[in-house]
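Down below is the structure, laid out as structure tokens.
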Amino acid sequence: VCSLNNAGTLESIMLMNEALANADPALYPRLKVPSTIIIGSEDFTLQGALKLQKHIPGCELVRLEGAGHANCFERLCIEYLKKKGLFPG
């Protein structure tokens, strides 16, 4: 997904969903990269996101109150990456 270096193309979204579907939960505690989860408070996957956050060391969670499933989180992702010095643009 990162190698595509874009803001949410269909290909990157499909690759991200495939990676999540095939992820090994034993990997999460070993992650050493800055991580964040951005989710709407009304998204049906919120409970899963809260559980996932607990398994990733230092993982931040941004909950957008009143939002359902939103696919317009690019701005928040870019802000997060800039804060961590990881945004190449």
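The values are calculated or read from the model by the stated rules, or taken from the named source; none is laboratory data. Only a predicted model underlies this, so the values are computations on that prediction, with no experimental measurement involved. Note: ideal-geometry Cβ built from the backbone for every residue, glycine included; neighbour counts use all protein chains shown. Areas reflect the complete protein model, heavy atoms only, side chains present, ligands, DNA and RNA absent. Shrake-Rupley method; radii C 1.70, N 1.55, O 1.52, S 1.80 Å.
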| said: Below 18 Å, Cα to Cα, which aspartates and glutamates can residue 82 reach? Residues fewer than 8 away in the same chain don't count. | reply: 60, 74
| request: Could you provide, to the nearest whole Å², the per residue accessible area of the chain with probe 1.4 Å? | output: 74
| query | So which GluC sites (Glu not before Pro) in region 32-89 end up in coil per DSSP with only 14 or fewer other C-beta atoms within 10 Å? | reply | 42, 65
| message | On a straight-distance basis, which lysines could pair with residue 83 in a cross-link, Cα separation under 22 angstrom, same-chain partners fewer than 8 positions away excluded? | response | 32, 54
| note | Once amide hydrogens are built 1.01 Å from N within the peptide plane, the residues lying 5 or more places from residue 62 or on another chain with amide H under 5 Å from its amide H are 37, 38, 39
| query | Can you pull the three principal axis extents for the Cα set of the chain, in Å, largest first? | reply | 32, 32, 26
| For residue 63, what accessible area in Å² do you get when you roll a 1.4 Å probe over the heavy atoms of the protein chains, rounding to the nearest 10? | 100
| request: Can you tell me the dipole magnitude for region 38-89 around its Cα centre, using point charges on the Cβ only (Lys, Arg +1; Asp, Glu -1), in Debye to the nearest 20? | output: 260
| Given a cut-off of 18 Å, what percent of all Cα-Cα pairs of region 38-89 lie beyond it? | 38
